Amino acid sequence: MKLNIVLVEPEIPQNTGNIARTCAAIGAKLHLVYPLGFSISEKSVKRAGLDYWDKLDIEEHISLNKFLEKYPPEQNNMFFATTKGKHIYSDPNYNSMDEIFLLFGKETKGLPEDLLIKYINKTIRIPMRESLRSLNLSNSVCVVAYEVLRQCSFSNLEEISSYFDDRL
């Protein structure tokens, strides 16, 4: 299974850096959809991603429309993360899919409402208390990405640590 994390117009460099680090650790491709609220070369982005940038598969897109032209939602397993999602993020059967795209919107506004309405049956959400607005973007990406990986039995990831074998 190939996992794609798509950040649509991210605004906070530290979030993008943290997400880049997560993508490198789990082998997911990171898609950055412009405009960004920062320069990809900013020190804060690089610092948050630490030394993982060379291990990252990254693709940049000049706009959401260009991304959707290249990867049409009708032809791809695409899920749109939003606090208004119709389904809980753990509901889809990701295990049956060869490639998955998880889209996340900008920190202040999320994904465009017209996109969410058009693909309402592909919207997912992370349950939380009603009185709270949302989780941090990098936390949300991590929660959903690891559910996809869990359903796929963490394929291609280290399953058992042998660290303590010699120490026990």
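Being among the polar types (S, T, N, Q) and at pLDDT 90 or above, is that true of even one residue in segment 42-65? Steps first, please.
The initial filter retains those residues of segment 42-65 that are among the polar types (S, T, N, Q), namely 44, 63, 65.
In the following step, the residues that additionally are at pLDDT 90 or above were identified as 63, 65.
Checked against the condition, which is being among the polar types (S, T, N, Q) and at pLDDT 90 or above, segment 42-65 yields at least one hit.
On the given criteria, is residue 124 β-branched (Val, Ile, Thr), farther than 16 Å from residue 2 by Cβ and surrounded by 13 or more Cβ atoms within 10 Å (Cβ to Cβ)? Considered against the rule, which asks whether it is β-branched (Val, Ile, Thr), farther than 16 Å from residue 2 by Cβ and surrounded by 13 or more Cβ atoms within 10 Å (Cβ to Cβ), residue 124 comes out as yes. Check whether at least one residue in segment 131-142 is touching a helix residue (DSSP H, G or I) at 6+ places or on another chain (Cβ under 7 Å) and under 23 Å from residue 72 (Cβ atoms), and report yes or no. So far as segment 131-142 goes, yes, one or more of its residues are touching a helix residue (DSSP H, G or I) at 6+ places or on another chain (Cβ under 7 Å) and under 23 Å from residue 72 (Cβ atoms). Within segment 71-94, the residues that satisfy the criterion of being among the hydrophobic types (A, V, I, L, M, F, W, C) and touching a residue at least 40 places away in the same chain (Cβ under 8 Å) are 78, 79, 80, 81.
The values are calculated or read from the model by the stated rules, or taken from the named source; none is laboratory data. Note that the structure is predicted; figures quoted are calculated from it, not measured. Reconstructed Cβ throughout: ideal geometry from the backbone, glycine too, with neighbour counts over all protein chains shown.
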